[in-house]
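Trainee: There's a structure below that I have some questions on.
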Amino acid sequence: MKKLLIGCCCLSLIFFAETFDVGLARSQDQEPVQRTVFDMAGRKVVLPHQVNRIYTDGTAMTQLILMLGGLPKLIAVLPSTQSNPWVRKIYPSIANIPASKATGANIEELVRMKPDVVTLWAGNDALQNKLESLGIATVTFNYSDPAELKQGVILMGQILGGKEVAVAREFCTYYDTNIRWVTTKTHSLSRSQKVKAYYVAANPLNTEGRDSMVTSWMGMAGGLNVASEAGIEPMVADVSMEDVIGWNPDVIIIRDAPNLKMILADERWKNINAVKKGRIYINPKGLNVWCARSADSALQPLWAAKIFHPDIFGDIDLRKEVVRFYKQFYHYELNEAELKDVLYPRD
């Protein structure tokens with residue numbers, strides 16, 4: 001509840017600040033020249049009234065920009081974004097945008113690009129201070145659960161301005177609809193009815209614990225994140241094989257497909273319930289993995305609910321929902337082979 005109230009307050013402040021400061025910058029005969037937003041660190045940031053040139057150092061933030069329709073405003077993208085086969089397929093003109101890690105050692109390159117604004121993940125204080133000392137506006141993002149992700153989407157829409165604001169609101173409505181669809185049925189489950197699940201991140205013994213996106217969608221879908229239940233912190237953490245054996249999860253969700261082979265080839269995993277019963281799944285992945293902090297995570301509660309409780313979620317036609325989502329937000333019609341690749345990734 002506290003996070004929700006904070007998120008609502010921040011969104012109200014964004015709207016108020018933008019409206020108020022635009023008014024200050026306007027005279028009777030002139031168009032406004034600047035506006036302000038409040039970023040996710042609570043900082044007041046002055047932006048040009050019209051943002052035309054944006055750079056971000058985050059793959060997930062780039063995906064938000066693409067989904068919102070901000071591709072023409074990107075002045076560069078990370079090499080990992082430009083090489084992403086799904087990004088190249090849905091947004092072929094991304095090949096014409098420079099691929100550059102234009103921060104850190106390449107900060108001079110970023111200055112030469114003359115961005116109107118740079119978006120950064122929280123924790124980049126030194127880089128943020130350096131950029132702002134050079135006159136470049138920076139906006140901090142930080143989201144670790146669905147409520148904060150939606151706040152980040154709204155903020156990105158506000159930064160981009162124009163039609164992107166409406167798309168951001170449309171996305172949040174869609175995400176909320178999926179959350180309600182699932183939680184209407186899972187909220188009444190007893191603790192014993194919830195599925196014990198373990199999430200595999202970078203490697204089989206790397207996971208996410210308390211206050212993470214993973215713990216959030218597992219809870220919505222009627223599951224219990226065994227790492228979170230055991231008090232694992234920080235959000236992303238390494239655990240021991242003894243930990244996993246002791247938790248004995250009923251389901252294992254794998255972020256990256258290669259980790260499946262590693263688990264099945266390791267004798268230490270064979271007596272864990274999820275492995276014995278064949279309830280070990282590779283998470284769907286399109287432009288980005290659904291299970292992390294990406295726009296595609298709006299689909300994750302639906303998929304997880306069907307994995308955890310197939311008996312009570314027979315009404316979810318996941319194939320139909322994925323096709324609908326890609327058409328509505330990426331303006332792309334998935335064919336049958338592409339849909340299979342999204343739902344059952346192999347790499």
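Just so you know, all these numbers are worked out from the coordinates, no wet-lab data involved. Predicted, not measured: the structure shown is a model, and the values here were computed from it. Neighbour counts run over all protein chains shown; Cβ positions are idealised from the backbone, glycine included.
Trainee: What percentages, rounded to whole numbers, describe P(r) for the stretch 188-343 computed over all alpha carbon pairs with 5 Å bin width beginning at zero?
Mentor: Here the calculated profile for the stretch 188-343 is 2, 9, 18, 23, 20, 15, 9, 4, 1, 0.
Trainee: Return the lysines within reach of Lys196: Cα separation strictly under 24 angstrom, same-chain partners fewer than 8 residues apart disregarded; answer none if there are no such residues.
Mentor: Lys185, Lys261, Lys270, Lys276, Lys277, Lys285, Lys306
Trainee: Expressed as a rounded percentage, what relative contact order does the chain have, with Cα pairs under 8 Å and six or more residues apart?
Mentor: 14 percent
Trainee: Within a Cβ distance under 10 Å of Leu120, other residues only, what is the Lys/Arg minus Asp/Glu net charge? Mind dumping the intermediate values first?
Mentor: On the way: positive: none; negative: Asp39, Asp57, Asp125.
The answer is -3.
Trainee: Still on this model: Could you give the length gained on full extension between Asp266 and Ser133, defined as 0.36 nm per residue of separation minus the Cα-Cα distance, in nm?
Mentor: Details: separation 133, 0.36 × 133 = 47.88 nm, distance 5.17 nm.
Contour length minus Cα-Cα distance gives 42.7 nm.
Trainee: Test of understanding: ordering Thr138, Thr62, Thr184 by Cβ neighbours within 10 Å, fewest first, what list do you get?
Mentor: Working: Thr138 20, Thr62 28, Thr184 9.
Least crowded to most crowded, the residues run Thr184, Thr138, Thr62.
Trainee: How much net charge surrounds Arg169 when only other residues with a Cβ under 14 Å from its Cβ are counted (Lys, Arg +1; Asp, Glu -1)? Numbers along the way, then the final one.
Mentor: On the way: positive: Lys150, Lys163; negative: Glu164, Glu170, Asp176.
Overall, the nearby charge balance is -1.
Trainee: Treat each spin label as a single point 7 Å out from the Cα along the C-beta direction, and report the Ala41 to Asp243 distance in nm.
Mentor: 2.9 nm
Trainee: While we're here: What is the extension gain from His331 to Asn52, computed as 0.36 nm multiplied by their sequence separation minus the C-alpha to C-alpha distance, in nm to one decimal? Write out the running numbers ahead of the final one.
Mentor: Details: separation 279, 0.36 × 279 = 100.44 nm, distance 2.18 nm.
Fully extending the segment from His331 to Asn52 adds 98.3 nm.
Trainee: Given a cut-off of under 8 Å on Cα pairs at least six residues apart, what relative contact order in percent is computed for the stretch 188-343? Please report the intermediate quantities before stating the final value.
Mentor: Working: 233 pairs, mean separation 32.3, N = 156.
Answer for the stretch 188-343 is 21 percent.
Trainee: Where a ≥ b ≥ c are the square roots of the eigenvalues of the C-alpha gyration tensor, would you call the stretch 147-204 rounded, which needs a/c under 1.5, or, failing that, prolate if a/b is larger than b/c, or oblate?
Mentor: Values: a/c = 4.31, a/b = 1.77, b/c = 2.43.
Here the stretch 147-204 falls in the oblate category.
Trainee: What net charge do the residues around Gly231 carry, taking every other residue with its C-beta under 12 Å from that of Gly231, with Lys and Arg at +1 and Asp and Glu at -1?
Mentor: Details: positive: Arg210; negative: Asp211, Glu229, Glu233, Asp243.
Within the 12 Å Cβ shell, the charges total -3.
Trainee: Further question: For a quick check, take a GNM of the chain with Cα springs below 10 Å and name the residue from Ser297, Ser212, Ser93 with the largest mean-square fluctuation.
Mentor: Among Ser297, Ser212, Ser93, the largest GNM mean-square fluctuation belongs to Ser93.
Trainee: Report the residue, chosen from Ala221, Ala295, Ala265, that carries the largest GNM mean-square fluctuation when the chain is represented by alpha-carbon nodes joined by springs under 10 Å.
Mentor: Residue with maximal mean-square fluctuation among Ala221, Ala295, Ala265: Ala265.
Trainee: Moving to a separate point now. Calculate log10 I(q)/I(0) of the chain for q = 0.11 Å⁻¹, where I(q) comes from the Debye formula with a single equal point scatterer on each Cα and nothing for solvent.
Mentor: With no solvent term, the Cα-only Debye profile gives -0.77.
Trainee: Mind listing the phi-derived Karplus ³J(HN,Hα) values for the stretch 38-50, rounded to whole Hz, using 6.51, -1.76 and 1.60 with θ = phi - 60°, and x for any glycine or proline?
Mentor: Result, ordered by residue: 9, 7, 7, 9, x, 7, 7, 10, 8, 10, x, 4, 10 Hz.
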